[in-house]
Amino acid sequence: MLFYWYGRQCDMLYSKIYNLDQVSFASERMNDPQQTAGSVRASDPELKGMMKTVRIEDIDSMQDEMMDLMDVSNEIQETLCRSYNVPDDIDEEELMGELDALEADMDFESNSVPSYLQPDKETDLDSELNLPAAPSGHAAIPANRQQEDELGLPTVPHASICT
């Protein structure tokens, strides 16, 4: 009985805390727009005063001056990057042809398989040395030698297997 009463008291206390939190949250939600509106009202005359001192024509002229300065800077950079030993009669198509040939050469080299990864080529070395041909298939096992399994271990005779 005491636990039941204690549980009800806790539930009521939690409900009160929840209600207070909801009221506090609602109060803060009402204060935020009021403070925002007050800030906008206070800054409105200041912004209007600042807008009277700023002229759009001044900003446009400043942007034009900046574009002119950037153009002059680019011209200076191009002038400084000029090469002095390049003849004037260079055929650009010939240069592009050489570049394409170099790229094709590089592609061929990158796509080809290195010699150490290529399969061995058949040589006549075996026939020159009169070596016998490599055996094919399984060789006959001598009678005095035991048979071996795939791991090279002797196989167990069938007669010794217990059934």
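Here, each number is a calculation from the coordinates, and none is a lab measurement. Note that the coordinates shown come from a computational prediction; the quantities given were computed from them, not determined experimentally. Neighbour counts run over all protein chains shown; Cβ positions are idealised from the backbone, glycine included.
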Given charges of +1 on the Cβ of Lys and Arg and -1 on the Cβ of Asp and Glu, with all other atoms neutral, how large is the dipole of the range 1-72 about its Cα centre, in debye to the nearest 20?
1060 debye
With each pseudo-label sitting 7 Å past Cα toward Cβ, what's the V54-D11 distance in nm, one decimal?
6.1 nm
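For the range 41-75, which trypsin sites (Lys or Arg not before Pro) are both in a DSSP coil and crowded by at most 12 other Cβ atoms within 10 Å? Write down the numbers at each step before the final one.
On the way: sites: R41, K48, K52, R55; in loops: R55.
Answer in residue order: R55.
In terms of the Cα gyration tensor, with a ≥ b ≥ c the square roots of its eigenvalues, is the range 1-72 rounded because a/c is under 1.5, prolate because a/b exceeds b/c, or oblate? Don't jump to the answer; show the numbers that get you there.
Working: a/c = 13.40, a/b = 3.52, b/c = 3.81.
Judged from the Cα gyration tensor, the range 1-72 comes out oblate (a/c at least 1.5, b/c at or above a/b).
Can you tell me the length gained on complete extension of the stretch M67 to S24, counting 0.36 nm per residue apart and subtracting the Cα distance?
Details: separation 43, 0.36 × 43 = 15.48 nm, distance 5.54 nm.
Result for the pair: 9.9 nm of gain on full extension.
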